[in-house]
Amino acid sequence: MTKEQTSRGRAQDRRQVAAGQDHEIRYEAEKMDVSKDEVRDAVKSEGNSRKKGERKLSED
């Protein structure tokens, strides 16, 4: 009996930035043309929502 695969987990994962994973911080920093430290600060202040973090980075 195998569990059926769904795409739900992937969609939820893409909406968030994992601050503990360097490749996600690096990707977001390159995408927004900011430093990795700025991305980490945005995640700390706004939470791990990608949309909120990008909004915060575009304001600064």
Summing -39500 (n - 2.57) over the DSSP H runs of n ≥ 4 in the chain and dividing by its residue number, what mean residue ellipticity at 222 nm do you reach, to the nearest 500 deg cm²/dmol? -19000 deg cm²/dmol
Suppose each label sits 7 Å from its Cα in the direction of the beta carbon; what would the residue 3-residue 58 distance come out to in nanometres? 3.5 nm
Relative contact order of the chain, please, whole-number percent, based on alpha carbon pairs below 8 angstrom and at least 6 residues apart. 31 percent
Please name whichever of 25, 49, 12 sits farthest to the positive end of the charge dipole of the chain, dipole taken about the Cα centre and charges placed at Cβ: Lys and Arg +1, Asp and Glu -1. 12
Rounded to whole Å², per residue accessible area for the chain with a 1.4 Å probe reads 84 Å²
List the GluC sites (Glu not before Pro) in the chain that DSSP assigns to loop (not H, G, I, E or B) and whose Cβ has at most 11 other Cβ atoms within 10 Å. Which are they? 4
Take the Cα atoms of the chain, build their convex hull, and give its volume per residue in Å³. 92 Å³
Expressed in nm to one decimal, what extension gain is obtained for the pair residue 16 and residue 37 from 0.36 nm per residue of sequence separation less their Cα-Cα distance? 5.9 nm
Could you check how much of the accessible area of the chain is carbon and sulfur, as a whole percent, using a 1.4 Å probe? 43 percent
Under unit Cβ charges (Lys, Arg +1; Asp, Glu -1), what dipole magnitude, rounded to 20 debye, does the chain have relative to its Cα centre? 420 debye
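The values are calculated or read from the model by the stated rules, or taken from the named source; none is laboratory data. None of the values given here were measured: they were computed from a predicted structure. When we count neighbours, we look across all protein chains shown, and the Cβ atoms used for this are built from the backbone with ideal geometry, even at glycine. Note: accessible area is taken over every heavy atom of the protein model, side chains too, but ligands, DNA and RNA are not part of it. Shrake-Rupley method; radii C 1.70, N 1.55, O 1.52, S 1.80 Å.
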